[in-house]
1. List the pairs whose first member sits in the stretch 104-128 and is at positive phi, whose second member is surrounded by fewer than 23 Cβ atoms within 10 Å (Cβ to Cβ), and whose Cβ atoms are under 8 Å apart, counting only residues at least 6 apart or on separate chains?
2. In the stretch 108-194, which helices (runs of 4 or more DSSP H) lie fully inside it and hold 2 or more residues that are open to solvent by 50 Å² or more (accessible area, probe 1.4 Å), within 16 Å of the ligand (Cβ to nearest atom) and not charged (D, E, K, R)?
3. In the stretch 55-82, what count of residues is obtained for those that are surrounded by fewer than 18 Cβ atoms within 10 Å (Cβ to Cβ), in contact (Cβ under 8 Å) with a residue 40 or more places away in the chain and under 21 Å from Ser118 (Cβ atoms)?
4. Which residue out of Ala222, Ala206, Ala212, Ala200 is within 16 Å of the ligand (Cβ to nearest atom), part of a helix (DSSP H, G or I) and surrounded by fewer than 18 Cβ atoms within 10 Å (Cβ to Cβ)?
5. I'd like to check something: does the stretch 271-293 contain any residue that is under 22 Å from Val11 (Cβ atoms), within 23 Å of the chain's Cα centre (by Cα), within 16 Å of the ligand (Cβ to nearest atom) and assigned to a helix (DSSP H, G or I)?
6. How do the pairs read when you match residues in the stretch 197-215 that are closer than 14 Å to Lys263 by Cα with residues anywhere that are hydroxyl-bearing (Ser, Thr, Tyr) and within 10 Å of the ligand (Cβ to nearest atom), using Cβ under 6 Å and keeping only pairs 6 or more apart or on different chains?
7. Quick test for you: out of Ile425, Ile378, Ile371, Ile362, pick the one residue that is open to solvent by less than 10 Å² (accessible area, probe 1.4 Å), β-branched (Val, Ile, Thr) and more than 24 Å from Thr291 (Cβ to Cβ).
8. Does Ser339 satisfy being within 10 Å of Gly257 (Cβ to Cβ) and open to solvent by less than 10 Å² (accessible area, probe 1.4 Å)?
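The values are calculated or read from the model by the stated rules, or taken from the named source; none is laboratory data. Just so we're clear, the structure is a prediction, and the values are computed from it rather than from any experiment. Virtual Cβ from ideal backbone geometry, glycine too; neighbours counted across all protein chains shown. The accessibility values were calculated without ligands, DNA or RNA, using every heavy atom of the protein model including side chains. Shrake-Rupley method; radii C 1.70, N 1.55, O 1.52, S 1.80 Å.
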Amino acid sequence: MDICVIGAGYVGLTSAAVLAELGHRVICVDKDLEKINNLKNGIIPIFEPLLEDLIKKNKTLLTFSHSIEESISKAATLLIAVGTPSNIDGSSDLSFIKSVINEISGHIFSYKTIIIKSTVPPGTNESIYKTILEKGVDPSQFNIVSNPEFLREGSAITDMINADRIVVGLRDGDGYSLSIIKQMYHGLKSPYIITSLTGAEMIKYASNAMLALKISFINELARICDKYLVDIQDVAKGIGADARIGPHFLQAGIGYGGSCFPKDVLSLQFSAKAKNVNTPILEALQEINDTQVNIYIDKLKEMMPDLSHSIITVLGIAFKANTDDTRYSPSVRLMNRLSEIGCEIHAYDPKAVLPMAHNRIIQFNRLEESILDSDCLILATDWEEFLQLDWNDVKSKMKGNILLDARNCLKKNEIEKLGFNYLGIGRP
Ligand code: UGA
């Protein structure tokens, strides 16, 4: 098949690379000329494991372009994967997707299956269909499919190849688009879930909201466990063993971040409000996430009476391991709060770069330098590099001995044996 992927962000690039790997001819188009020129020269704009290898491996099938008009003329299947960031009021900013639809509508000269992968609020795909009709495109010339993605940054390629499910939202009776989707994903063994356009949009939002809820739930439980001297890891294991609950997304820590959960939960809440539906659960899960950093600050204040004059090393800037993405990173939130208190922050990350310039938050290129003379070390992202550290060596370079494990990912007993004062959440 010839497929045109519009948007070269992590979803668009991952989709393009995997579709080429499945044997399709793929043109990936983006309005960012510099990004496209770099991609043409083999320079990948983001750090995403396996992505660069897959793009290089499939370079004869996967090409890059800056022109939507030219690219869509070569493909009957268009896959739209542009960003839908948050507006200030929490609603989704659909300007990128609207501008792509406008441009496509003016250049439909043969039948197109238009697949929307971008995360969009319920009702958007229906309104895209109407917009294209209003632009004068004949209904016999196109159809719209909602095909949301469930790709985690850091494991996007494997998530796409081994997807738990492929969700497909169709207009009533649109069997042709389903056959196109099945042709496109030919080779993947994932089960299909077929629903309406709006049903697929809702599945995407509900999935992210449910995962965010699990994280906030375990973080609230961890706060209670702290008071009753119960190990939250045992609780997560105990409840996760119940197949009805499942073991995933029950890792307590500084809370969720990234470009998806925060904006999607807000957007779902906005969509609910628009129809006068109250959302106490969505509100509560966000409140827990927003205040999780404070719990850690309080722990530090208790342990370090002179916190405001201390040097604190923060390992991990990205919102989670295996990505260089710092959007809504809880680590950045924590650093900002600590610097407001007066701390000097020394940050290090294997891939991510501090998103802001700050005179009290300094990024180091070498981990060893970031820990020198620090009073306290905070493990804010569970990068493998940090889990493998020689903690004895780390301690010998620090001035103090406080280790705040904000991801609950270290072995407390072993760390304490080395003379560290270990702080986690729900880790008595
Ligand atoms: C998330 C979803 O997992 C994907 O299925 C979805 O496609 C994607 O959003 C999206 O909508 O595009 P992502 O944001 O890349 O993917 O990362 P996750 O692995 O879901 O982690 C989100 C946040 O939750 C991270 O800050 C992570 O550290 C945190 N987290 C995750 C926890 O604090 N505890 C856990 O047990 C799991």
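1. Listed by first residue and then by second, the contacts come to Gly123/Thr198; Gly123/Ser271.
2. Numbers: elements: 124-134, 156-161, 175-184.
Because the criterion is at least 2 residues that are open to solvent by 50 Å² or more (accessible area, probe 1.4 Å), within 16 Å of the ligand (Cβ to nearest atom) and not charged (D, E, K, R), the helices (runs of 4 or more DSSP H) in the stretch 108-194 that meet it are 156-161.
3. Total satisfying the criteria: 1.
4. Details: Ala222 fails: surrounded by fewer than 18 Cβ atoms within 10 Å (Cβ to Cβ); Ala212 fails: surrounded by fewer than 18 Cβ atoms within 10 Å (Cβ to Cβ); Ala200 fails: surrounded by fewer than 18 Cβ atoms within 10 Å (Cβ to Cβ).
Step by step, each of Ala222, Ala206, Ala212, Ala200 is checked, and only Ala206 is within 16 Å of the ligand (Cβ to nearest atom), part of a helix (DSSP H, G or I) and surrounded by fewer than 18 Cβ atoms within 10 Å (Cβ to Cβ).
5. Step one: of the stretch 271-293, the residues under 22 Å from Val11 (Cβ atoms) are 271.
Among the residues that remain, those that are also within 23 Å of the chain's Cα centre (by Cα) are: 271.
Keeping just the survivors that are within 16 Å of the ligand (Cβ to nearest atom) gives 271.
Filter again for assigned to a helix (DSSP H, G or I), leaving 271.
Yes; the residues of the stretch 271-293 include at least one that is under 22 Å from Val11 (Cβ atoms), within 23 Å of the chain's Cα centre (by Cα), within 16 Å of the ligand (Cβ to nearest atom) and assigned to a helix (DSSP H, G or I).
6. Lys204/Thr119; Ala212/Tyr256
7. Values: Ile425 fails: more than 24 Å from Thr291 (Cβ to Cβ); Ile378 fails: more than 24 Å from Thr291 (Cβ to Cβ); Ile362 fails: open to solvent by less than 10 Å² (accessible area, probe 1.4 Å).
Ile371 is the lone residue from the list that is open to solvent by less than 10 Å² (accessible area, probe 1.4 Å), β-branched (Val, Ile, Thr) and more than 24 Å from Thr291 (Cβ to Cβ).
8. Numbers: within 10 Å of Gly257 (Cβ to Cβ): no; open to solvent by less than 10 Å² (accessible area, probe 1.4 Å): yes.
So Ser339 fails the test.
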